[in-house]
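Single-structure report; data block below.
Here, each number is a calculation from the coordinates, and none is a lab measurement. Not measured: the values here are computed from a predicted model. Every residue, glycine among them, receives a Cβ derived from its backbone with ideal geometry; neighbour counts consider all protein chains shown.
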Amino acid sequence: QKARELLLDKNLTSYIFVLNPERLPILETKKAITILSKYKIPIGGIIVNRVLPKSGGEFLKKRKEVEKEYLDLIKKEFDGFILINIPLLEKDIYGIETLNKIKSHFK
């Protein structure tokens, strides 16, 4: 009971969501906020993470290097599994048009 009171006290506790600016995280965050709001659990705000800078240049070059390290780690950690890399697209993968753009990666 005491923990519940603490979690519901707007002066002491609030939930802060962190999401990437992508379709699925937006839908998941919206659903979570709807559920928490139903139970009157306070929402303190939303942090949008991984927003691309207005200009790329050197920044995107460095990000590509970091991404390669993570892709290598994924290969190592998930050895034996089928791994499919889908490139970053201009739009979210949603509907037949974008599915057709990525289908070649599944062969």
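Key figures
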| read-out | value |
| --- | --- |
| Cleavage-rule hits (GluC sites (Glu not before Pro)) in region 65-107: DSSP loop, at most 11 neighbouring Cβ within 10 angstrom | Glu90 |
| In region 1-76, trypsin sites (Lys or Arg not before Pro) in a DSSP loop with at most 16 other beta-carbon atoms within 10 Å | Lys10, Lys40, Arg50, Lys54 |
| Rounded, prolate or oblate (a/c below 1.5 giving rounded, otherwise prolate when a/b exceeds b/c) for region 1-51 by Cα gyration tensor | prolate |
| Lys61-Glu22 FRET efficiency (beta carbon distance; Förster radius 30 Å; 0.05 resolution) | 0.85 |
| Estimated 222 nm signal from helices in the chain, with DSSP H stretches of n ≥ 4 weighted -39500 (n - 2.57), rounded to 500 | -14500 deg cm²/dmol |
| Sparsely packed chymotrypsin sites (Phe, Trp or Tyr not before Pro) within region 24-91, loop by DSSP, other Cβ within 10 Å at most 16 | Tyr39, Phe78, Phe81 |
| 0 to 90° range, to nearest 10: angle between helix 23-38 axis and the chain longest Cα axis | 10 |
| Unit charges at the beta carbon, dipole of the chain: most positive-side option, Val48, Leu83, Ile102 | Val48 |
| Shape box of the chain [Cα atoms, principal axes, largest first, Å] | 53, 34, 33 |
| Length-normalised contact order of the chain in % [C-alpha pairs under 8 Å, at least 6 apart] | 22 |
| For Val48, net neighbour charge (Lys/Arg +1, Asp/Glu -1) across residues whose Cβ lies under 14 Å away | +1 |
| Neighbourhood charge, 14 Å Cβ-Cβ cut-off, centred on Glu28 and excluding it, Lys, Arg +1 and Asp, Glu -1 | +1 |
| Gyration tensor (alpha-carbon) shape descriptor, region 53-107, a/c threshold 1.5 | oblate |
| Neighbourhood charge, 12 Å Cβ-Cβ cut-off, centred on Glu97 and excluding it, Lys, Arg +1 and Asp, Glu -1 | +1 |
| Gaussian network model of the chain, springs between alpha carbon atoms under 10 Å - residue of Gly45, Gly56, Gly80 with greatest fluctuation | Gly80 |
